[in-house]
Amino acid sequence: MNRLEFVRSEIDAILLSQENVDERGKGYVHLYGVAQNCTLLALKRGLDVELCTIIGLLHDIYTYKFKYIKEHASLGATEAGNLLRKLDLFTDDEIKIMKTAISNHSDKKKKQDKYSELLKDADVLQNSLYNADINIKHKKRLKKTYKDLGIKPKKIKFEK
Ligand SMILES: [Fe+2]
């Protein structure tokens, strides 16, 4: 089992513990969706694919583990750091990169380090891909991410 799969088992255990089936489903879609977007953007931007995928899987850990959204980015960074240290598979430098990205991810208007930016972009992209007809926040960031991926989106309108 590689390191990613160890992290996946931990996050799956948190998601499976969600009693509300709706929330559990949304959790899987969002965390796995963001993780895959992170993988894609890491490949595109030449960043560490493994770390980026893990950042995506863990980024909302606090929200799903404690059902608490306020300040979930900074609280989640600490929680993710504890989990990653417990696994004893990652270096201090790797944990620092992942914790920083998770801690910064709610601040979508600011431009920060490459891993933080990748996570913010992946998060916004997942929300837009969940339902492309929904009026999403952070359009400027989304437009930049589409451009980065070589996509020129047309205006989308689904049938009612
Ligand atoms: Fe998120």
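The values are calculated or read from the model by the stated rules, or taken from the named source; none is laboratory data. Keep in mind that this is a model prediction, so the values were computed, not measured. Positions of Cβ are backbone-derived with ideal geometry, glycine not excepted, and every protein chain shown enters the neighbour counts.
Give me the helices (runs of 4 or more DSSP H) completely within segment 92-160, filtered to those with at least 3 residues that are within 14 Å of the chain's Cα centre (by Cα), ordered by residue number.
Passing ranges, in order: 92-104, 114-130.
Quick check on this structure: which one of 43, 51, 15, 57 is in contact (Cβ under 8 Å) with a residue 40 or more places away in the chain and either farther than 19 Å from residue 130 by Cα or polar (S, T, N, Q) (or both)?
51
Is there any pair with a first residue in segment 104-129 that is without any contact (Cβ under 8 Å) to a residue 24 or more places away in the chain and a second that is away from the ligand (no atom under 11 Å from the Cβ) and among the hydroxyl-bearing types (Ser, Thr, Tyr) whose Cβ atoms are under 7 Å apart and which are 6 or more apart or on different chains, and what are they?
Final answer for the pair search is 113/100; 116/100; 124/145.
Considering only segment 92-127, state which residues are small (Gly, Ala, Ser) and touching a Cys at 6+ places or on another chain (Cβ under 8 Å).
Passing the criteria: only 122.
Would you tally the residues in segment 100-132 being away from the ligand (no atom under 12 Å from the Cβ) and charged (D, E, K, R)?
Total meeting the criteria: 7.
Among the residues of segment 60-91 satisfying the criterion of being in contact (Cβ under 8 Å) with a residue 40 or more places away in the chain and over 25 Å from residue 20 (Cα atoms), which is nearest to the chain's Cα centre (by Cα)?
Here the residue is 84.
From the set of residues in segment 58-99 that are among the hydroxyl-bearing types (Ser, Thr, Tyr) and within 16 Å of the ligand (Cβ to nearest atom), which is farthest from residue 3 (Cα to Cα)?
68
For segment 35-91, name all the residues that are among the β-branched types (Val, Ile, Thr), in a loop (DSSP other than H, G, I, E, B) and within 15 Å of residue 102 (Cβ to Cβ).
Listed by number, the list holds a single entry, 69.
Test each condition in (1) small (Gly, Ala, Ser); (2) within 13 Å of the ligand (Cβ to nearest atom); (3) within 16 Å of residue 120 (Cβ to Cβ) for residue 42 and report the one that comes out false.
So the condition that residue 42 fails would be (2).
Would you point out which residue out of 135, 127 is at pLDDT below 95 and more than 17 Å from residue 57 (Cβ to Cβ)?
After applying the criteria, what remains is 135.
Output the number of residues of segment 18-27 satisfying the condition of being under 25 Å from residue 128 (Cα atoms), of a type outside the set (S, T, N, Q) and either assigned to a loop (DSSP other than H, G, I, E, B) or more than 13 Å from the ligand (Cβ to nearest atom) (or both).
Selection size over segment 18-27: 5.
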